[in-house]
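Visitor: Pasting in a structure now, in structure tokens, and then I'll have a few things to ask.
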Ligand SMILES: [Zn+2]
């Protein structure tokens, strides 16, 4: 069995604050260790259940958070920034390196606008107020599950804070194995397990989740992906790369191919973030 592991950081054991999420922040280096520990626990559990190979995709911010020296040797790591020319699907990459039997989402968080949600956002917090997939408000977990489903890969395990787990249960139903590693107290506070305890739970959850019981998620086609941005100028910039304007601050991407639609939306957001050359400022 080959397992694809998509990794974010907001939902990792112990992480509660922006400082944990970006290089230079207080305890960021420590948080990288917690992150790598959660991933290793998932790998250990999956190995117990008969999995043999793993591709781990670092999918948070700089996408260079996982400590390679400490990563389980059964895994290979996708690392490097999600520029459209590098990683056109953002958090996911190298999905076509052979077939994967199942996917894990480790360290995930709730979607933008979740009341009291821990570090909640969707894709790029400074740009996006909501993303809808075929009309349904979408978290990164939902978007990535659609991409994985396109590749016939079922998502069988997810880990994160209590608000993420609640949302994931609503979005994905009872079939998904969920491991809560901390209770959300507010947007930047948690009641967290220790890495030792959360690793035990993640290991057990990963083992229970295999072999996969659920089918890959197939989204209705043609796919409609709608993004509401925070400001007019952001939308104007995104529209330079295509898409249709929607309402006052929205964009819409439609098509019969899941990957093409997702890539177009991700490229538009990456384009929004690009700074003008210094001499043009
Ligand atoms: Zn993240």
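Read the figures in this text as sums done on the coordinates, not as results from a lab. Remember, it's a predicted structure, so these values are computed and weren't measured experimentally. Cβ sites come from the backbone with ideal geometry, for glycine too, and all protein chains shown count toward neighbours.
Visitor: Going by average Cβ density within 10 Å per residue, which order do the peptides 158-167, 95-104, 118-127 take, highest to lowest?
Guide: The peptides rank, most packed first, as 158-167, 118-127, 95-104.
Visitor: Can you tell me which of 23-33, 144-154 comes out highest on packing, and rank the rest after it, using the mean Cβ neighbours within 10 Å? Display every interim value, and only then the final one.
Guide: Values: 23-33: 14.5, 144-154: 20.8.
Result, highest mean first: 144-154, 23-33.
Visitor: Taking N as the number of residues in the stretch 78-147, what is its Cα Rg relative to 2.2 N^0.38 Å?
Guide: Taking the Cα Rg and dividing by 2.2 N^0.38 Å, one obtains 1.19.
Visitor: Same structure again: Would you kindly calculate the mean projected area, averaged across all directions, of the convex hull enclosing the Cα atoms of the stretch 28-87, in square nanometres? Kindly include the intermediate steps, with their values, before the conclusion.
Guide: Working: hull surface 16.8 nm².
The number I arrive at for the stretch 28-87 is 4.2 nm².
Visitor: Further, regarding this structure: Order these peptides, 4-10, 68-74, by their mean beta-carbon neighbour count within 10 angstrom, highest first.
Guide: Details: 4-10: 26.6, 68-74: 12.6.
Put in order of decreasing packing, that is 4-10, 68-74.
Visitor: How big is the stretch 121-165 in terms of Cα radius of gyration and Dmax, in angstroms?
Guide: Taking only Cα atoms of the stretch 121-165, I get Rg and Dmax of 11.6, 32 Å.
Visitor: Just from its helices, what would the mean residue ellipticity at 222 nm be for the chain, if runs of 4 or more DSSP H residues each count -39500 (n - 2.57) and the sum is divided by every residue, rounded to the nearest 500 deg cm²/dmol?
Guide: That comes out to -9500 deg cm²/dmol.
Visitor: Using the alpha-carbon atoms, what tilt in degrees (0 to 90, nearest 10) does helix 28-48 show relative to the longest principal axis of the chain?
Guide: The angle comes out at about 60 degrees.
Visitor: Another question about this same structure. Size of the stretch 135-281 along its principal axes in angstrom, Cα-based, largest extent first?
Guide: Cα extents, longest axis first: 52, 36, 27 Å.
Visitor: Separate question: Viscosity 0.890 mPa s, temperature 25 °C: Stokes-Einstein D of the chain from its Kirkwood Cα radius, in µm² per second?
Guide: Here the translational diffusion coefficient equals 130 µm²/s.
Visitor: Just report the Cα centroid separation between the stretch 64-83 and the stretch 202-281, whole Å.
Guide: So the two Cα centres are separated by 24 Å.
Visitor: Which whole-number percentage describes the relative contact order of the stretch 132-269, with Cα contacts under 8 Å and a sequence gap of 6 or more? Before the final figure, lay out each step's value.
Guide: Values: 200 pairs, mean separation 35.3, N = 138.
Averaging sequence separation for qualifying contacts and normalising by length gives 26 percent for the stretch 132-269.
Visitor: Continuing with the same structure: Explain nothing, just the number: relative contact order of the stretch 227-266, from Cα pairs under 8 Å at least 6 residues apart, as a whole percent.
Guide: Relative contact order comes out at 36 percent.
Visitor: Relative to the longest principal axis of the C-alpha atoms of the chain, give the angle of the C-alpha long axis of helix 195-209, reported between 0 and 90° and rounded to the nearest 10°.
Guide: The answer is roughly 90 degrees.
Visitor: To the nearest Å, what is the center-to-center distance of the stretch 100-131 and the stretch 2-17, using C-alpha atoms only?
Guide: So the separation of the two Cα centres works out to 11 Å.
Visitor: For the stretch 2-209, calculate the relative contact order in percent as a whole number, restricting contacts to Cα pairs under 8 Å that are 6 or more residues apart.
Guide: On the way: 449 pairs, mean separation 56.5, N = 208.
Across the stretch 2-209, relative contact order equals 27 percent.
Visitor: Relative to the longest principal axis of the C-alpha atoms of the chain, give the angle of the C-alpha long axis of helix 258-273, reported between 0 and 90° and rounded to the nearest 10°.
Guide: Roughly 70 degrees, rounded to the nearest 10.
Visitor: As an exercise, find the ratio Rg/Rh for the stretch 85-204 from alpha-carbon atoms, using the Kirkwood inverse-distance average for Rh.
Guide: 0.96
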